[in-house]
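For reference, the structure discussed in these notes is given below.
The values are calculated or read from the model by the stated rules, or taken from the named source; none is laboratory data. All figures in this text were calculated on a predicted structure; none of them were measured in a lab. Here the Cβ positions follow ideal geometry from the backbone for every residue, glycine too, while neighbour counts run over all protein chains shown.
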Amino acid sequence: MLVMDGRAAPGRRSWNLRIGLTSRCNIRCRYCLPDGRQDVVVQPTLAELTAVLQAAHEVGIRRVHYTGGEPTVRRDFLAVLRAAQEIGFAQQIVTTNGYRLHRIIEEAIDSGLTRAIVSLDTLDETQNKFLTRAKFLKDTIQSVERAVALLPTLTKISSVTMRSTLKELPKFVRWAADLNSRGQAGRLAIKLNQFFPSNPAQLSGEGEEFWKTEFASEEMILEALSSVGELKPIERTSVEGDNPSYNYYEIGDTGVMVAVLAMFSWGYPCGGCHKLRISPQGLATVCIGQQDPPVIWGMNYEEKLATFKRLTDYRESDQFEKDFRDRVHYRAQLGELRFDSVVGPEKDIVEFRDILARHQEERGRAAVAADGVSEQ
Ligand code: SF4
C-alpha cells in the first residue's frame, strides 16, 4: 500500500520546508542554466542545515523537500538526511536529476528518504544529451526504477514539456504503466511542467530563442496526452505531494496518473502554498514574490527560530493576504532563489507574453508562405 504524506505536526497547517542544498548543478539543461562554468557556487554547511532543520521542526514543520542546484552533488547528502531523521522529520523528499540517486538509494532510505521526484524530459538518448548537455540518461532511468522498486510512496517524474518532446508522452505513460504493474513497493506518476520562462537561461538571447521555439500550450500538452487514452480528472486531494496547482488525470485504462502544470497558459495563479523556502544562499521566503528576504545563514539558532516563526505566522495572517492580494506564482528572476544572483535583465511576464505572441505570428506567416510555395 502506498504511504501518503503525514506532513504536519498536530494543529499545524501542512507546511513544507523546501531547502536548496547547493546552487551547484552537474548538468546544464538548455532551459535552465546557460552553458559553461557556474562561476559562484554557494552551499550551506551541514551545521547550518542542521540548525535550520531543527528550527523548522520546532515551528511545527514535519516535511522537508531538498532541491538545488542538484542536491545529491553534496558529498554529505546522506548526512543531511540523517540529521533530519534524527530531528524527527516524517517526510523527506528529494528532487534530483537522478545521476547519483540509484547508487545511494538504499542508504538514503535508511537515512530517512521517503520520496523521490526525478527530473526527466525525454527518453531519447540523443535528445537527452542535447537538452542536458550531459550523458547519463541510463543513470536517471535507473534512479526512477530503483525509487519505484524501493520507496513505498509515489515516485514522480518531473518533466519540462516541450514541442519536441510531446511525441514521447505515450512512451512515458507506457513505461509508468509497466513499472506500476510489477507489484513493487511504490508507483510512478508523471508531472508535466509547461516550459515557462523564469530561469537564468531565458535571460540570454540563445535561451530566449530556445524557449519560444519549444513552448507548448496547455492544449498541445493535453492533446498529446489524450492520444494515449481518455483523460480522467482526479481529485487533487487524492494525490500525495507537492504543488497544489497541478491538474491530475488518470490516463485511459493505464491507471497512470499524469499531472499538468500549465502556469504560463494559466497566468501563474497562486496555488496557496505554505512553503518555507530556503535558497542555497540562505534567503528565506514564504512566497516567491517576497522582496528582500532575510538571510538565514550566519544567524544563531534563536535568530533562525524567531525568523521562521515570524515568516510562517506572517504567511498565516490577514496582513499577508492584504500585502500579497494580487500575487502570482512568478518571479522575474526565479534563478536567484535556486542558484545565485543571476546576471542579466529581469523580464516580467508581460514581456515574455509579447515575445511569444510575436514568435507565433512569425510562425503563422511562415506557414502561410510555405503553403503558397507548395501550391505553386
Ligand atoms: S504565489 Fe506565493 S503563496 Fe502563492 S503558490 Fe506561489 S509562492 Fe505560494
Every residue from region 193-220 that is surrounded by 19 or more Cβ atoms within 10 Å (Cβ to Cβ) and either small (Gly, Ala, Ser) or modelled with pLDDT of 95 or more (or both):
198, 201, 207, 216
Of the residues in region 279-295, those that are outside any loop (DSSP other than H, G, I, E, B) and either surrounded by fewer than 20 Cβ atoms within 10 Å (Cβ to Cβ) or of a type in the set (Val, Ile, Thr) (or both) come to 283, 285, 295
If residue 5 satisfies all but one of (1) under 24 Å from residue 335 (Cβ atoms); (2) at pLDDT below 95; (3) under 18 Å from the mean Cα position of the chain (by Cα), what's the number of the condition it fails?
(1)
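I need a count of the residues in region 184-231 that are among the hydroxyl-bearing types (Ser, Thr, Tyr) and either touching a His at 6+ places or on another chain (Cβ under 9 Å) or free of Cβ contacts under 8 Å to residues at least 24 places away in the same chain (or both). Talk me through it step by step, then tell me what you get.
Of the residues in region 184-231, the ones among the hydroxyl-bearing types (Ser, Thr, Tyr) are 198, 204, 213, 217, 226-227.
Of the ones still in play, those that are also either touching a His at 6+ places or on another chain (Cβ under 9 Å) or free of Cβ contacts under 8 Å to residues at least 24 places away in the same chain (or both) are 213, 226.
Counting residues in region 184-231 that are among the hydroxyl-bearing types (Ser, Thr, Tyr) and either touching a His at 6+ places or on another chain (Cβ under 9 Å) or free of Cβ contacts under 8 Å to residues at least 24 places away in the same chain (or both) gives 2.
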Scan region 90-113 and give yes if some residue there is outside any strand (DSSP E or B), over 19 Å from the mean Cα position of the chain (by Cα) and under 22 Å from residue 309 (Cα atoms), otherwise no.
yes
If we keep just the residues of region 293-342 that are under 25 Å from residue 54 (Cβ atoms) and modelled with pLDDT under 90, which is farthest from the ligand (Cβ to nearest atom)?
338
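Yes/no per residue for (1) closer than 29 Å to residue 351 by Cα; (2) touching a strand residue (DSSP E or B) at 6+ places or on another chain (Cβ under 9 Å):
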site: 236; (1), (2): no, yes
site: 266; (1), (2): yes, yes
site: 279; (1), (2): yes, yes
site: 324; (1), (2): yes, no
site: 332; (1), (2): yes, no
Could you list, in sequence order, the residues of region 259-276 that are more than 8 Å from the ligand (Cβ to nearest atom) and in a strand (DSSP E or B)?
259, 260, 261, 276
